[in-house]
Amino acid sequence: MSAKQYGMLIDTTRCVGCQTCVVSCKINYQVPEEAYWSSVETIGSEVMYQPTGKYPHPVLAFRPRLCNHCTDPVCVKNCPTGAMHKDENGIVSVSQEVCIGCQYCVWVCPYNAPKLDTVQNVMSKCTFCQGRTTKGEKPYCVESCPAEARIFGLISDPHSEISRLISAKHAQPLLPHFGTVPSVYYV
Amino acid sequence: MKKLTTSKTFKDAKITRRTFLKGVGAITVTGSLGMAGVLGGNTRQVKATEDAPIKYIHSCCTVNCTSRCHLKGHVQDGRIVAVTPGLLPGRDDYPNACLRAMSYAQRLQDPTQRVLYPMKRVGERGEGKYEQITWDEAFDLIAAKLTETKEKYGSHAASFFTMSGNLAKLAWESTTRLGATFGGTTYSTEGLMGDHGASMGMNLVFGQARGGHDTRDYMNSKLILLWGRNVADTHTSELRYIIKARENGAKVVMIDPRQCSNAAVADQWIPIRPQTDPALALGMMNYMISRDLHDVAWLKANSCAPLLVRNDDGQYLRLNGSYAVWDEKSKSIVPAGTAGVDPALSGEYVAADGVKCHPSFVDLAKEASKYTIAVTAEICGLEEEVVEQLAYEYATMKPAGIRMGQGMQRVYNSFAPFRTVATLAAVAGYIGVSGGGASHMGGTSSINPIPGVTVPDFNFAEWSNTGDAPFIEKKSSQLYNMIENDEVKFLWIAVSNFINQSPDANRVIQDILPKVPFIVNVDPFWTWTAKYADLVLPGKTHWEVWDLLVRSPWVMLDQPAIETMGESKSDCEICSGVAKRIELGHLWDKTDEEWIRTFMTSEHPAFAAFDWDKWVQEGIFTRSDGIFDPVYAFKDQKYKTLTGKFEFYTEKLKQFGQEVPSYTRMLEDPQGDLGKKFPLVCINYHDRLNVHSQHMLYPALRIVSSEPEVQINTVDAEARGIAHGDKVKVFNDRGYCILKAFITEGIAPGITAIANGWTPEQYIEGNHQNLTHLTINPVEEFISQTNSAFYDVLVEIEKA
């Protein structure tokens with residue numbers, strides 16, 4: 001783990017699938033065209049909002065997805081130009097003026113996180129709202145969640161609130177077997 | 001380290017405009033609507049640069065969900081680029097800004113969506129052909145039409161109709177006030193728009209239309225029933241407290257024909273059939289009463305239960321003008337409220353004049369007794385075990401709170417659901433008890449009365465003065481009839497997409513509106529309604545005007561955050577412009593800002609610290625008498641009913657056989673004759689991405705929902721050979737719509753659902769309001785007015 005690593009804890013037992021997180025990111029960053037930097041999935045279902053199981057006892061549950069800002073990011077490893085990089089806060093970012101839009105990063109990412117900006121033909125992605133968080137503000141998706149399902153913080157600090165809650169709630173990362181050491185944890 | 005450039009590139013003006021243009025494809029706005037000139041460059045080009053500073057301008061979201069959120073607009077180069085939650089002083093836990101608020105701020109800055117200039121119809125109504133005229137021409141035209149109407153038919157023949165599209169003070173009230181100053185006809189709007197059943201039900205039992213528990217009070221609940229109330233989508237600011245209460249150990253049960261968003265964070269989903277909520281509540285009451293699980297002491301002390309009712313006419317027995325009870329101690333009939341008595345809840349007694357009488361609770365218990373677990377389960381379409389478990393848990397997991405929602409009252413006999421469910425809470429003794437209640441919307445007045453202070457808190461005196469003209473207010477339920485009877489010669493529609501949000505659109509378009517000689521529509525957007533108006537005037541939204549919204553203990557300010565779109569004006573400015581031409585200018589001689597400044601000149605001590613400049617900067621003023629701890633209604637057990645008690649027995653409804661809460665079958669009964677032809681119930685619920693028609697299909701929301709869909713259970717779909725995503729026709733004798741099928745296990749068989757708010761351009765064909773009806777209900781007209789039974793609708797579905 002880098003000296004400093006920001007991460008997120010998402011409590012899916014609080015999620016109602018409203019996608020306010022997705023829309024706040026899309027609108028507030030004016031992400032162009034069809035691209036969204038984050039998403040929500042209906043757990044166990046291929047169709048959004050379609051529950052699993054059978055009436056009268058179907059199960060409806062949701063899981064928000066975003067870039068996992070991995071400690072060992074395969075997108076960075078496989079980027080031929082060096083556009084994809086990991087910064088001193090552990091945030092994985094793309095330098096668009098360097099990126100050639102080859103999309104290797106998408107193909108290797110277990111989370112399908114980088115998104116093609118179809119206007120400029122370069123990659124774009126979740127920045128963990130570093131422009132906001134460096135000012136002490138929460139990421140848009142955290143601040144806008146009406147269920148308060150998300151916590152953002154320093155997972156590299158074992159005494160931080162997020163580290164304490166990850167431990168207390170036995171939160172787990174998604175798809176850890178890909179070995180990228182993701183920084184987003186789920187309850 | 002290389003510098004990230006995302007913020008720069010994504011704020012390129014061209015990209016923004018491309019996105020806008022792309023979004024327009026689904027909406028039939030054409031050059032004839034006045035867009036071409038705009039896109040040709042009449043509107044200032046949006047060009048935000050990375051260096052332009054962000055300034056923050058606050059606003060209150062004034063669309064009609066229930067939350068009224070304080071929003072923080074991030075404004076760059078005169079454009080709102082982001083929206084985040086605004087602070088709520090005293091409540092650090094409470095700020096909220098949902099996806100609707102964010103997308104609305106974008107939609108209103110999209111010139112292709114907006115009405116930009118006064119537009120006069122040149123084609124046929126509905127055809128969408130308009131020509132741009134000047135404001136002077138528009139005002140002169142309206143003035144001429146109003147004068148002509150008044151001279152020929154009397155001023156009352158001009159109607160001024162609003163719904164709830166903008167709930168800020170000036171926006172919501174200006175049109176009604178113009179009607180009042182002119183002597184025109186105005187409308188109490190809740191009936192037609194379908195929220196009035198809740199108010200009627202509340203009024204019957206509580207004596208007031210609203211009242212409930214602060215959502216935080218559910219931290220004291222063992223069980224929470226969300227009864228027809230999808231808090232997650234329709235009162236979003238409260239969701240977090242439901243979740244916290246659940247994590248605190250309360251069981252959360254969602255009662256809804258659909259497995260709605262809130263069901264995802266509930267412990268149980270109870271898929272009740274539409275309109276059968278009163279039956280479920282009566283079944284639960286019967287379960288409690290027959291097992292002595294009801295709260296006898298509470299009923300005796302705080303409800304009408306012991307009050308004696310005459311056997312002969314069903315009216316309350318009076319003793320020298322007082323209500324009366326049977327005292328078990330003295331074995332005599334004594335005036336209600338006599339100290340030291342032990343009133344009976346059962347039995348039959350004989351009054352002095354020989355009239356037989358009985359406690360009103362006898363009638364309630366008798367009505368409830370029809371609803372055994374088996375009968376209730378059959379009616380509601382539930383498993384018997386589910387009904388019994390619910391009844392048992394509600395009676396024993398004390399206290400249990402109920403949050404009621406309008407979802408259960410868009411039915412025929414719409415007063416019954418809230419009335420009956422609240423009575424259930426009373427039988428359990430949960431009314432006025434922390435953690436309990438049967439709440440309609442959130443919270444109660446969160447200010448402290450200051451002893452001895454009699455001055456009004458706001459200075460509304462001048463605004464309230466509407467001059468000498470008679471004030472005429474009619475029931476909105478009668479609007480269609482009045483128009484058909486030639487009583488409406490001029491119709492002004494504002495803050496309302498009237499056609500899209502009223503029942504039976506085919507009737508409205510083919511039979512109702514053609515009888516109105518002249519229709520004015522004020523709206524920021526090109527709605528379905530606008531296309532049937534003779535004159536469409538460009539209104540403004542809450543991000544563009546001076547206005548205020550009172551949400552005790554806060555007063556929130558709307559102020560212009562962006563440059564004027566086209567030549568749009570606020571509702572108040574438009575009304576003022578007309579008023580000046582019909583000799584009413586003396587009642588409309590202030591600018592919007594002057595009105596707001598006047599309203600805030602209060603001598604009330606709670607406003608002592610008010611400072612205009614601070615208010616403009618922060619967008620919110622907090623009264624010094626604010627209460628920030630959770631409050632709940634009826635703690636004092638005082639009710640504004642005739643009996644002064646929680647009144648489940650309504651003597652004036654004896655003539656209709658509705659003296660106690662009861663269940664009646666649907667008007668359009670799937671098990672009746674109509675059900676043979678149209679076997680499926682079709683409800684139009686309120687969804688996550690919109691409040692009514694105001695947010696539909698802003699491009700950023702396409703990921704949430706990109707087109708209308710009809711939700712249908714797998715068994716009903718299979719029986720009709722329908723696969724997920726198929727194009728289907730939903731129809732009945734009134735009309736049809738064509739849209740995609742969404743097959744789900746999350747809706748009860750026999751029930752279908754289409755989200756409210758979608759407009760015809762977004763359907764493949766038609767609209768769900770082609771399926772609905774306005775059927776005047778005599779009992780509701782007697783109580784107050786008919787509530788549109790949007791969910792009391794039968795349809796058939798076939799592949800299209």
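Where a number appears in this text, it was derived from the coordinates with a stated rule and is not lab data. Because the structure is predicted, anything quoted here is derived from the model rather than measured. Every residue, glycine among them, receives a Cβ derived from its backbone with ideal geometry; neighbour counts consider all protein chains shown.
Classify the range B:525-674 from the C-alpha gyration tensor, please: rounded if a/c falls under 1.5, else prolate or oblate depending on whether a/b exceeds b/c. Spell out each step's value before the answer.
Details: a/c = 2.39, a/b = 1.35, b/c = 1.77.
Verdict is oblate for the range B:525-674.
Quick check on the exposure proxy: order B:Asp312, B:Asp267, B:Asp277 from fewest to most C-beta atoms within 10 angstrom.
Taking fewest neighbouring Cβ atoms as first place, the list is B:Asp312, B:Asp267, B:Asp277.
Considering the zone a paramagnetic label at A:Thr12 would reach in this model (a point 7 Å from Cα along the Cα-to-Cβ line), which residues of the range A:98-136 have amide N under 16 Å from it?
Inside the label zone: A:111-112.
Please determine, in degrees from 0 to 90 and to the nearest 10, the orientation of helix B:13-24 with respect to the longest principal axis defined by the Cα atoms of chain B, where the helix direction is its Cα long axis.
Helix B:13-24 sits at roughly 60 degrees to that axis.
Report the local net charge at B:Val488: Lys and Arg +1, Asp and Glu -1, summed over other residues whose C-beta lies under 11 Å from its C-beta.
On the way: positive: B:Lys474, B:Lys489, B:Lys515; negative: B:Glu484, B:Asp486, B:Glu487.
That works out to 0.
Distance in nm between label sites at B:Gln132 and B:Glu718, each 7 Å beyond Cα in the beta-carbon direction?
Distance between the two pseudo-spin positions: 5.9 nm.
Equivalent ellipsoid semi-axes for chain B, as square roots of 5 times the alpha carbon gyration tensor eigenvalues: give them largest first, rounded to whole Å.
On the way: eigenvalues 393, 187, 161 Å².
Rounded to whole Å, the semi-axes are 44, 31, 28.
Could you state the angle between the C-alpha long axis of helix B:360-369 and the longest principal axis of the C-alpha atoms of chain B, as a value from 0 to 90 degrees rounded to the nearest 10?
That works out to roughly 80 degrees.
List the pair-distance distribution P(r) of the protein assembly as shown, using every Cα-Cα distance, as the percent of pairs falling in each 10 Å bin from 0 up to the bin containing the longest distance, rounded to whole percents.
Taking all Cα pairs of the protein assembly as shown, the binned fractions are 2, 11, 19, 24, 22, 14, 6, 2, 1, 0, 0 percent.
Counting Lys and Arg as +1 and Asp and Glu as -1, each charge on the Cβ, what is the dipole of chain B about the Cα centre in debye, to the nearest 20? It would help to have the intermediate numbers written out before the result.
Details: 82 positive and 94 negative charges, 307 e Å.
The dipole of chain B has a size of about 1480 debye.
Which percent, to the nearest 5, of DSSP beta bridges fully inside the range B:673-799 are antiparallel? It would help to have the intermediate numbers written out before the result.
Numbers: 17 of 25 bridges.
About 70 percent, rounded to the nearest 5.
Run the numbers for B:Asp611 and B:Lys590: contour at 0.36 nm per residue of separation, minus the present Cα-Cα distance, in nm.
Working: separation 21, 0.36 × 21 = 7.56 nm, distance 2.05 nm.
In short, 5.5 nm is gained.
Placing unit charges on C-beta atoms (Lys and Arg positive, Asp and Glu negative, everything else neutral), compute the dipole magnitude of the range B:673-799 about its Cα centre in debye, rounded to 20.
On the way: 10 positive and 16 negative charges, 54 e Å.
Its charge dipole is roughly 260 debye.
Calculate the FRET efficiency for B:Ser624 and B:Tyr56 from the Cβ-Cβ distance with a Förster distance of 22 Å, rounded to the nearest 0.05. Walk me through the numbers on the way to the answer.
On the way: r = 25 Å, r/R0 = 1.12.
Efficiency, from the Cβ-Cβ distance: 0.35.
Over the range B:673-799, one equal point on each Cα, no solvent: what is log10 I(q)/I(0) by the Debye formula at q = 0.10 Å⁻¹?
-0.32
Using the count of nearby Cβ atoms within 10 Å as a rough guide to exposure, how do A:Val76, A:Val92, A:Val181 rank from fewest to most?
Placing the least packed residue first, the sequence is A:Val181, A:Val76, A:Val92.
B:Lys569: net charge of surrounding residues, Cβ under 10 Å, Lys/Arg +1, Asp/Glu -1, itself excluded? Before the final figure, lay out each step's value.
Working: positive: B:Lys540; negative: B:Glu544, B:Glu567, B:Asp571, B:Glu573, B:Asp592.
Taking every other residue near B:Lys569 into account, the sum is -4.
Please check which bits of the range B:632-660 a label hung off B:Ala339 would reach, taking the label as a point 7 Å along Cα-to-C-beta and the cut-off as backbone N under 15 Å.
Inside the label zone: nothing.
Could you work out [θ]222 nm for chain B from helices alone, using -39500 (n - 2.57) per DSSP H run of at least four and dividing by all its residues? Round to the nearest 500 deg cm²/dmol.
On the way: 24 runs with 209 residues, N = 800.
The helix contribution divided over chain B gives -7500 deg cm²/dmol.
At a 10 Å Cβ-Cβ cut-off, how would you order B:Thr775, B:Thr176, B:Thr601, fewest neighbours first?
Values: B:Thr775 15, B:Thr176 24, B:Thr601 11.
Listed from fewest to most nearby Cβ atoms, that is B:Thr601, B:Thr775, B:Thr176.
Farthest toward the dipole's positive end in the range B:165-301, which of B:Pro278, B:Phe206, B:Leu293, given Cβ charges of +1 (Lys, Arg) and -1 (Asp, Glu) about the Cα centre?
Value computed over the given set: B:Leu293.
So for the range B:212-443, taking the charge dipole from beta-carbon charges (+1 Lys/Arg, -1 Asp/Glu), which of B:Ser261, B:Ala368, B:Gly381 sits furthest toward the positive end?
Of the candidates, B:Ser261 comes out farthest on the positive side.
Which whole-number percent gives the relative contact order of chain B, counting Cα pairs below 8 Å spaced six or more residues apart? Let's see the in-between values first.
Details: 1803 pairs, mean separation 152.6, N = 800.
RCO, chain B: 19 percent.
Would you mind getting me the FRET efficiency between B:Asn448 and B:Arg91? Use the beta-carbon distance for r and R0 = 22 Å, nearest 0.05.
Details: r = 16 Å, r/R0 = 0.72.
After rounding to 0.05, the efficiency reads 0.90.
Once you've got the Cα coordinates, tell me which of A:Lys4/B:Lys244; B:Lys329/B:Lys356; A:Lys138/B:Lys72; B:Lys580/B:Lys614 are over 22 Å apart.
On the way: A:Lys4/B:Lys244 31 Å; B:Lys329/B:Lys356 20 Å; A:Lys138/B:Lys72 14 Å; B:Lys580/B:Lys614 33 Å.
A:Lys4/B:Lys244; B:Lys580/B:Lys614, as the Cα separations exceed 22 Å there.
Can you tally the net charge around A:Val16? Count Lys and Arg as +1, Asp and Glu as -1, for every other residue whose Cβ sits under 11 Å from the Cβ of A:Val16. Let's see the in-between values first.
Working: positive: A:Arg14, B:Arg240, B:Arg688; negative: B:Asp233.
In short, +2.
Report the full-extension gain for the segment B:Ala374 to B:Asn320: residue separation times 0.36 nm, less the Cα-Cα distance, to one decimal in nm. Intermediate values should be presented prior to the final figure.
Values: separation 54, 0.36 × 54 = 19.44 nm, distance 4.47 nm.
Between B:Ala374 and B:Asn320, full extension yields an extra 15.0 nm.
Under 10 Å, Cα contacts only: if you run a Gaussian network model on chain A, which one of A:Pro56, A:Pro146, A:Pro32 comes out with the highest mean-square fluctuation?
Most flexible of the set in this elastic network: A:Pro56.
Name all residues of the range A:89-110 having a backbone nitrogen under 17 Å from the label point set 7 Å from the Cα of A:Arg63 along its Cα→Cβ direction, giving them as ranges.
Correct set: A:109-110.
Could you tell me the calculated FRET efficiency between B:Ala301 and B:Val455, based on Cβ-Cβ distance and R0 = 41 angstrom, to the nearest 0.05? If you can, show how the numbers build up before the last one.
Details: r = 36 Å, r/R0 = 0.89.
Efficiency, rounded to the nearest 0.05: 0.65.
For the pair B:Phe471 and A:Ala3, how long in nm is the line joining their label points, each one 7 Å along Cα→Cβ?
7.0 nm
Give the long-range amide H neighbours of A:Ser124: residues separated by 5 or more places, or on another chain, with amide H under 5 Å away, using H modelled in the peptide plane at 1.01 Å from N.
So A:Ser124 has HN proximity to A:Lys115, A:Leu116, A:Asp117.
Relative to 2.2 N^0.38 Å, what does the C-alpha radius of gyration of the range B:212-443 come to as a ratio? Two decimals please. Please report the intermediate quantities before stating the final value.
On the way: Rg = 18.8 Å, N = 232, 2.2 N^0.38 = 17.4 Å.
After normalising by residue count via 2.2 N^0.38 Å, the value is 1.08.
Along its principal axes, what span do the Cα atoms of the range A:43-187 show, with the longest given first and each in whole Å?
Taking the Cα atoms of the range A:43-187, the three principal extents are 53, 38, 30 Å.
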